[in-house]
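Working notes for the structure below.
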Amino acid sequence: MSSVASKNTEKFPEWYTKFRAALLQQAPRPLDISRTIAEGWTNSPKDLKKNLDRCLLRPIAPVSAEPAVSNLLLLEPVSTVIIPPTAGTFVAKERFVQCVGTKAKVEIKCSCSNFIMWFLKGRSKIEGPISKKTLLHCARLRKASLDPDIIDELGGPKKAETTLIEPFFLMQNQFNRDDGPMLKDGWWNVFYIRDQCGVLRRVRVRWEDGVWAVEARPVEASKIGRGGRHVFSRTSVLES
């Protein structure tokens, strides 16, 4: 009797009491564990102790105060910009008009034959309205890279692609000023956009002689020759 009483009155350090309480609090609730499993552990105390020792007696690795090293190889995050909601459909041939003058919403000096064929031919590409604000991410390309590799780093085609609405908004918004996410120093701004047939293309925009130049290229093993370009996507490269 005295031995039982001594065990019941045994005092533990405060830190251990808190640990035991935390352990009990994290034990599976009746809805989380079946009776069969619970009784199996109850009837096998040695196995229960062995598994608890294996889980609990290893020291927890200290959390480093140093920031995590980015595993991004090709892209360096630069900024984000909010694209506001739009009303009505976006008809590409009505927006990407090759004209220069004060009446033009966006002055476009030239569009290459690929862009015309893939996006402006016939009825042209037609996109539905954006119902809510969209966060567009801008990253700087570190070095010459293949389009498929860039798309992979962005998280795949679905996460990498934008619509024509985004570059048009940026072109229009930044036409009369230099500050903004779009480069206006002769470097290309890159977007991955699906054409009328649903094929993903690299659409690139450059400020050239006071107006915007728009071109399109295939992405199958196609290479962006030098770093420094800005690449736009709807998914942050930090989250991909």
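Note on GLU94 and THR42: with the Förster distance fixed at 51 Å, the Cβ-Cβ geometry gives a FRET efficiency of about 0.10. With 0.36 nm allotted per residue and the present C-alpha distance subtracted, the ASP209-LYS133 stretch has 24.2 nm of extension available. Projected label points at CYS197 and ILE82, each 7 Å from Cα along the beta carbon direction, are separated by 3.9 nanometres.
Segment ASP53..LYS143, full-extension length gain: 27.4 nm, with 0.36 nm per residue of separation and the alpha-carbon distance subtracted. Kindly identify the range 75-233 as rounded, prolate or oblate by the Cα gyration tensor criterion: order the square roots of the eigenvalues as a ≥ b ≥ c, call it rounded if a/c is under 1.5, otherwise compare a/b with b/c, prolate if a/b is larger, else oblate. Judged from the Cα gyration tensor, the range 75-233 comes out rounded (a/c under 1.5). Derived scalar couplings between HN and Hα for the range 41-48 equal 5, 4, 7, 10, x, 5, 5, 4 Hz in order, rounded to whole Hz, by the Karplus curve 6.51 cos²θ - 1.76 cosθ + 1.60 (θ = phi - 60°), x for Gly and Pro.
The ranking of THR162, THR36 by Cβ neighbour count inside 10 Å, starting from the fewest, reads THR36, THR162. Projecting label points 7 angstrom from Cα along Cα→Cβ for TRP15 and ARG226 puts them 6.0 nm apart. Sorting the segments 199-206, 113-120 by their mean number of nearby beta carbons within 10 angstrom, highest to lowest, gives 199-206, 113-120.
The packing ranking, built from the mean of other Cβ atoms within 10 Å per residue, places the peptides 19-28, 180-189, 83-92 in the order 180-189, 83-92, 19-28, highest first. With neighbours defined as other Cβ atoms within 10 Å of a residue's Cβ, the residues CYS138, CYS110, CYS197 order from fewest to most as CYS197, CYS110, CYS138.
The numbers here are math on the coordinates, done by the rules we state, and not lab data. Owing to the predicted nature of the structure, the values given are computational and were not obtained by experimental measurement. We place every Cβ from the backbone using ideal geometry, glycine too, and count neighbours over all the protein chains shown.
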